[in-house]
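The values are calculated or read from the model by the stated rules, or taken from the named source; none is laboratory data. As the structure is a computational prediction, the values presented were derived from the model and not from experiment. All Cβ positions, even for glycine, are placed from backbone atoms using ideal geometry, and neighbour counts span all protein chains on display. In case anyone asks, the SASA skips ligands and DNA or RNA and just uses the protein heavy atoms, side chains included. Shrake-Rupley method; radii C 1.70, N 1.55, O 1.52, S 1.80 Å.
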Amino acid sequence: METKSVLLVGVGGQGTILASKLLTLGLMEEGYDVKMSEIHGMSQRGGSVSSQVRFGDKVWSPVIEKGSADLIVSFEKMEALRWLEYLKPDGKVVVNNHEMMPMPVIMGDAEYAADIIDQIKKVCKDVTVVNATEEAMKLGNGKTQNIVLLGTLIKAMNLGDINWENIIKANVKPNFVDDNLKAVKVGMSLV
Amino acid sequence: MKKLLTGNEALARGAWEAGVHFASAYPGTPSTEILENMTTYKEVYSEWAPNEKVALEAAIGASFAGGRSMASMKHVGLNVAADPLFTFVYQGVNGGCVVITADEPGQHSSQNEQDNRNYAIAAKMPMVEPSTSQEAKDFMMEAFDISEKFDIPVLMRMTTRACHSKGIVECGDRKEVPIKEYHKDVTKYITVPAMAKKMRIKLEDKLAKLLEYSETTPMNRIEDNGKKVGVVCSGMCYCFAKEVFGDTVNYLKLGFTNPLPEKMMKKFCTGLEKVYVIEENDPILEHALQRLGFNDIICGKNTFPKYDELTSDVIRKCVTGKVLDSIDYDHKDIVNRPPALCAGCPHRGFFYELGKRKNVMVSGDIGCYTLAFSAPYNAMDSNTCMGASFSSGHGAAKIFEKAGSPMRVVSVLGDSTFFHSGMTSLAECIYNNSKTVSVILDNRITGMTGHQQNPGSGKLADGKTDAIMLDIEQICRALGAKNIRTIDPNNLKLVKETLDWALSLDEPSVIITKYPCVLKKFTEDDKAKFPEAYKTKDVVDKAKCIGCKMCLKSGCPALFLNREDKKAEVDPLQCVGCGVCEQICPKDAIGKETK
């Protein structure tokens, strides 16, 4: 199988790292060669962050090139637009319909455009917009938005056959397992 | 057993499997998780040291006493540890010792991009460079054997991508290695000149033997695909090159890179028409190939940049002039999103007040608080290295004084940085009667690297075992500081008054701001001393808010202006109720949420 590339992007602190960790563990269980790369550190909080996941028969580089991602899952609207150049021309985008104001917007030096989703749809055919933050709040824990989006990703990449329940149970703190199991199901139903 | 591990996790696993007894480190991106993972292996004594020099010195002692030991650090940390490193190479080991340097091509989280392969050459020590997590584990085990076989410490050189990328690793069990017997031997461990001169000569013998090893170890290998073009590379560059070239070129894949296997390099290049030397930062492999006489066929720094990472897209563009097709679209609405101090960060109140001061130079340091240089605070003028704030601030203050300038200096660093190398800098300020205001932003944890314990946090590296909590105020007093105030940085009035007081003095002063990091897992001590911290949320009374945007000057990511009503709003997902915005609001429109 040719190597597939999935890019998870968002704002530091949104939980992209846990989502990509669970994804890679599922892919390994399924027998794929897997590599993942991320730039992390506390000082990235509030900044634009990405987790890069690649899987296939044999993966060399852990880093996704511009123009080579099969799927971009964005935890925040503006971040989807920022990272869109990494998408293959015929790739898919899943975007969380959620805004987080960058500091230049908070300070009044820039504006957060209201039509970001439309701008993405204009240049990309396969765009799925989900309300992951809202769905997570409905489940009673806004922080599970990352797992809602993981669910959506699983569906978008046709990875539903992997036993995600076991992966979550084995890798999430016991107190949060139930919330996350619910979240992944909701996420899968959104596509 | 297969596991999905980052390079750092794999290094820890490899050290554990190799029977390591002692691990010491100071946190620094991208090396931090090595020691963090060591603490999960109960058979190993693991600790955070106050700085990298101390960590390496401790590992040296452990090796002399017969244990297998390691010290890990980021690239600039090795500068701090360079003093013991160079002499340790002369002495050699008893128990094997591996020193890990985590370099940062691309400077994702660092103040410079130095190439620490140069240290292996300068210190005359063997070096290994893994390309994958599997190799990180395997090479780590091999490195301990090399260290003991050749009686010399080994430098393990990683880079950010190797440290922080995950790959599948076949794991084994721990091999229990008995702690070797210690024999007193002044000819080996005492480095007075008469002894050290002999060690220096002996070191050349060791290097000659290591050169032979370099030619035969499977860590260095030729992949002959029968082509006329070759690639010479080491570390993560091998993966990037494989991504671009696949099987269309021959490879010389180097894992043991000091001393370099010159015969193998000659053999590889002979008969090739072109050789790409793909190495991040300095042209070390390239210079070696030039010395071997292959200048005419190599493409090195004349083809690839001398800085940043050589990821597959960079290699592709340099070699073919092309990049992959991607979507063409308008970038005009993409707003920069620089990292920001967290909602509730206890540094916010202090820098909000400090940024308002005129005629003040703020001498900065390495930590989350370095973000205070940017808007809205604009409250930092410079930062160089760990601990430099106090000492560089002192030097600046002396010159301002000499020039008759009205400029004053406020120097800032964090608690962990204070223990790292700020204490000696404070001694400089006090001893030489500096007019600087030295500020210790004590958030009771090592924040930026992700919450490692330090001598002030009251816990050992495992985060559980109680430790003696070094008292920063007492240390300052013992260093001779007379004017010391410890304050709550979330109290803006108090911050302002304290800065007024310190700047009114004509002699050294110390301000300690004490409040736990908003992301910290509170210890019992934190809970007892800060019972109310981060338990509330703020909310804007829309009837009172006039949309003046004063609160936004706090730079809090939880505050924003609502597009429709043009009034301030608090993001309840982010707000933790620190109350700084409440104190800034001129209309008293922000208050605590009532349930």
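Scanning the range B:228-248 for residues that are away from every other protein chain (no Cβ under 11 Å) and free of Cβ contacts under 8 Å to residues at least 24 places away in the same chain yields B:Asp247, B:Thr248. Being in contact with a Cys (Cβ under 6 Å, 6 or more places away or on another chain) and within 14 Å of chain A (Cβ to nearest Cβ) is true of B:Ile278. Taking every residue in the range B:311-335 that is touching a residue at least 60 places away in the same chain (Cβ under 8 Å) and pairing it with any residue that is of a type in the set (Ser, Thr, Tyr) and crowded, with 18+ Cβ neighbours inside 10 Å, at least 6 positions away or on another chain, the pairs with Cβ-Cβ distances below 9 Å are B:Thr311/A:Ser61; B:Ser312/A:Ser61; B:Ser312/A:Ser68; B:Ile315/B:Tyr276; B:Val319/B:Tyr276. Can you tell me which residues in the range B:298-322 are surrounded by 15 or more Cβ atoms within 10 Å (Cβ to Cβ), in a loop (DSSP other than H, G, I, E, B) and either within 14 Å of chain A (Cβ to nearest Cβ) or touching a Lys or Arg at 6+ places or on another chain (Cβ under 7 Å) (or both)? Result: B:Glu309, B:Leu310, B:Thr311.
Note on the range A:118-153: residues that are of a type in the set (A, V, I, L, M), open to solvent by 40 Å² or more (accessible area, probe 1.4 Å) and part of a helix (DSSP H, G or I) total 2. Evaluation of B:Gly447 against the conditions (1) under 30 Å from A:Ile39 (Cα atoms); (2) modelled with pLDDT of 95 or more; (3) buried (at least 23 other Cβ atoms within 10 Å of the Cβ) shows that the sole unmet condition is (2). For the range B:344-366, filtered to residues that are assigned to a loop (DSSP other than H, G, I, E, B) and either modelled with pLDDT under 95 or open to solvent by less than 10 Å² (accessible area, probe 1.4 Å) (or both), the residue that is nearest to the other protein chains (Cβ to nearest Cβ) is B:Gly344.
Return a yes/no flag: does the range A:16-27 have any residue that is closer than 27 Å to B:Lys317 by Cβ and open to solvent by 10 Å² or more (accessible area, probe 1.4 Å). Scanning the range A:16-27 turns up no residue that is closer than 27 Å to B:Lys317 by Cβ and open to solvent by 10 Å² or more (accessible area, probe 1.4 Å).
When the test is whether a residue is within 14 Å of another protein chain (Cβ to nearest Cβ), in contact with a strand residue (DSSP E or B) (Cβ under 7 Å, 6 or more places away or on another chain) and either of a type outside the set (Phe, Trp, Tyr) or closer than 19 Å to B:Ile60 by Cα (or both), B:Pro105 passes it. The residue list B:Pro557, B:Pro586, B:Pro531, B:Pro489 contains one member that is within 22 Å of B:Glu473 (Cα to Cα), touching a residue at least 24 places away in the same chain (Cβ under 8 Å), assigned to a loop (DSSP other than H, G, I, E, B) and not aliphatic (A, V, I, L, M), which is B:Pro489. Residues of the range B:388-399 that are more than 18 Å from B:His347 (Cα to Cα) and either open to solvent by less than 50 Å² (accessible area, probe 1.4 Å) or at pLDDT below 95 (or both): B:Ala388, B:Ser391, B:Gly393, B:His394, B:Gly395, B:Ala396, B:Ala397. Counting only strands (runs of 3 or more DSSP E) that sit completely within the range B:104-223, those holding 3 or more residues that are touching a residue at least 60 places away in the same chain (Cβ under 8 Å) and under 20 Å from B:Leu285 (Cα atoms) correspond to B:154-159. Residue count for the range A:60-84 satisfying the condition of being open to solvent by 10 Å² or more (accessible area, probe 1.4 Å), at the interface with chain B (Cβ under 7 Å from one of its Cβ atoms) and more than 20 Å from B:Arg161 (Cβ to Cβ): 1.
Keeping to the range A:94-137, report how many residues are touching a residue at least 24 places away in the same chain (Cβ under 8 Å) and of a type in the set (Lys, Arg). Residues in the range A:94-137 being touching a residue at least 24 places away in the same chain (Cβ under 8 Å) and of a type in the set (Lys, Arg): 1 in total. Restricting attention to the range B:4-46 and to residues that are assigned to a strand (DSSP E or B) and more than 30 Å from A:Arg54 (Cα to Cα), the residue that is nearest to the other protein chains (Cβ to nearest Cβ) turns out to be B:Ala25.
Number of residues in the range B:112-166 that are within 14 Å of chain A (Cβ to nearest Cβ) and either touching a Lys or Arg at 6+ places or on another chain (Cβ under 8 Å) or surrounded by 22 or more Cβ atoms within 10 Å (Cβ to Cβ) (or both): the value is 15. Only one of the numbered conditions (1) more than 21 Å from A:Gly13 (Cβ to Cβ); (2) open to solvent by 20 Å² or more (accessible area, probe 1.4 Å); (3) in contact (Cβ under 8 Å) with a residue 24 or more places away in the chain; (4) not in a strand (DSSP E or B) is violated by B:Val495, and that is (2).
Of the residues B:Asp381, B:Asp365, the single one that is free of Cβ contacts under 8 Å to residues at least 24 places away in the same chain and under 28 Å from B:Lys398 (Cβ atoms) is B:Asp381. Restricting B:Ala379, B:Ala372 to those that are within 30 Å of B:Cys551 (Cβ to Cβ), open to solvent by less than 50 Å² (accessible area, probe 1.4 Å) and not in a helix (DSSP H, G or I) reduces the list to B:Ala379.
Going residue by residue through the range B:248-267, is there one that turns out to be open to solvent by less than 50 Å² (accessible area, probe 1.4 Å) and in a helix (DSSP H, G or I)? Checked against the condition, which is being open to solvent by less than 50 Å² (accessible area, probe 1.4 Å) and in a helix (DSSP H, G or I), the range B:248-267 yields at least one hit. Residues of the range A:118-150 that are more than 9 Å from chain B (Cβ to nearest Cβ), in contact with a strand residue (DSSP E or B) (Cβ under 6 Å, 6 or more places away or on another chain) and within 26 Å of B:Pro338 (Cβ to Cβ): A:Ala132, A:Leu149.
Selection over the range B:323-343 of residues that are open to solvent by less than 40 Å² (accessible area, probe 1.4 Å) and either among the acidic types (Asp, Glu) or more than 26 Å from the chain's Cα centre (by Cα) (or both) gives a count of 5. Is at least one residue of the range B:38-49 open to solvent by 20 Å² or more (accessible area, probe 1.4 Å), over 18 Å from B:Thr159 (Cβ atoms) and under 17 Å from the mean Cα position of the chain (by Cα)? Yes, the range B:38-49 has at least one match. Hey, could you check the range A:87-117 for residues that are out of contact with any Leu (no Cβ under 6 Å at 6 or more places or on another chain), assigned to a helix (DSSP H, G or I) and at the interface with chain B (Cβ under 7 Å from one of its Cβ atoms) and say which is surrounded by the most Cβ atoms within 10 Å (Cβ to Cβ)? This residue is A:Met103. Under 28 Å from B:Thr446 (Cα atoms) and more than 9 Å from every other protein chain (Cβ to nearest Cβ): does that describe A:Leu18? The answer is yes for A:Leu18. State all residues of the range A:77-86 that are in contact with a Lys or Arg (Cβ under 9 Å, 6 or more places away or on another chain) and in contact (Cβ under 8 Å) with a residue 40 or more places away in the chain; if no residue qualifies, say none. Scanning the range A:77-86 gives A:Glu79, A:Arg82, A:Tyr86.
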